[in-house]
Amino acid sequence: MIRSHRLTVPLVAVLLALATGVALGAGPLTDTRSSAAEPSPSAATSPSTPAYPDQFAAAVSSQLYAGRLARRPVALVTMPGADQATVTALTSQVKAAGGQLTGIYPVGGQLVDAEQKSLVDTLGAQLNQELSTPVSKTATTYPRIGQLVAVALATRGSTSRQPSDDVIAVRQSLAAAHLLSVPQGTPASAPLVLVVLGRPVDQAIADGFLTGLAARARGVVAVAPTHDATLAALDTDGVTRTVTTVDGSETSAGRVAAVLGLVRSWNTRGGAYGASGVKGAVPLR
């Protein structure tokens, strides 16, 4: 009986990955020529009916999560142009896994605008000088602003923390410069950070920002739609050594994989997963 229980979650995970692969044309049935594989008109999926991988992911997600995000705070960062339906769906999945959402932090367009680099650099340098515990003194513009955003919403510890004077000062400064929107009240800092990518930005900005964010958080997961170029380049540039990436966020399967990435990043950081992830479809361990 014990052996059967231990095999349940890995087996479900394999089936989830397999279902996703078949939908993408990468599964073992891709080259099947049998006429039995042809769907009948009555069995065809209508445009309003979710694809099988999405139905499958929705059905098994609670078993995959098994409450492993219970009482673990998560901050959600949205990059400019992030799809709001995806943000809403991911929020629901975090809660379904037992996670505690501390707040949603939209990044302002100026922060990722290459033409505003001087503003980001100047503000970051001045703000860093005012902190009682400065972030890295050798960090360049975007890794530094990533670390400062992390000061505003994240922690490297294992529990949430109430904002200190430094945290409040950073939040106020970033908000005043329209580089980051902060939820009302005084949300606690979170060990885990989920970043939803949006429209394409200069790759050096994305690399630096996410690397900086990961430097001062326990775990960071970045998600984007299938085959997103910015997300893919994060692995090429070595950012996935500390940041976990998942593509396929427009699908239920991708969103489930993103939340499993948060679960995994509590103890193990980094790796590229998802529909086209080089480490596999699902970040299990």
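The numbers here are math on the coordinates, done by the rules we state, and not lab data. Here the structure is a predicted model, which means the values were calculated and not measured. Note that each Cβ is placed from the backbone with ideal geometry, even for glycine, and that neighbours are counted across all protein chains shown.
Extension gain, THR186 to ALA66, is 40.2 nm, computed as 0.36 nm per intervening residue step minus the present C-alpha separation. Backbone geometry of the stretch 169-176 corresponds, through the Karplus equation with coefficients 6.51, -1.76 and 1.60 at θ = phi - 60°, to 3J(HN,Hα) couplings of 5, 5, 4, 5, 5, 5, 5, 5 Hz, x marking Gly and Pro. Near the amide H of THR245, within less than 5 Å, lie the amide hydrogens of ALA222, GLY271, ALA272, TYR273, all on another chain or at least 5 residues away, with H placed in the peptide plane. Residues whose amide H comes within less than 5 Å of that of LEU180, counting only those at least five positions distant or on another chain, are GLY108, ALA175 (H built at 1.01 Å from N in the peptide plane). Listed by chain and number, the lysines whose C-alpha is less than 26 Å from the C-alpha of LYS279, apart from same-chain residues fewer than 8 away, are LYS95. In sequence order, the stretch 74-84 has phi-based couplings of 10, 9, 10, 10, 10, 7, x, x, 4, 6, 5 Hz under the Karplus curve 6.51 cos²θ - 1.76 cosθ + 1.60, θ = phi - 60°, and Gly or Pro positions carry x. Model label sites at LYS279 and ALA175, defined 7 Å from Cα along the beta-carbon direction, differ in position by 3.4 nm. Spin-label model, SER158/ALA204: points 7 Å from Cα along the beta carbon direction are separated by 4.0 nm. Close amide-amide hydrogen proximity is noted between LEU101 and VAL74, each under 5 Å apart and 5 or more residues distant or on a separate chain (H modeled in the peptide plane; Pro and chain starts excluded). Restricting the stretch 131-215 to trypsin sites (Lys or Arg not before Pro) that sit in a DSSP loop and have at most 10 other Cβ atoms within 10 Å of their own Cβ leaves LYS137. Within the stretch 57-274, DSSP assigns beta bridges of which about 5% are antiparallel (rounded to the nearest 5). Across the stretch 191-207, coupling constants 3J(HN,Hα) worked out from phi with the 6.51/-1.76/1.60 Karplus curve, θ = phi - 60°, read x, 10, 10, 10, 10, 9, 6, x, 6, x, 10, 3, 4, 4, 5, 4, 4 Hz, and Gly and Pro carry x.
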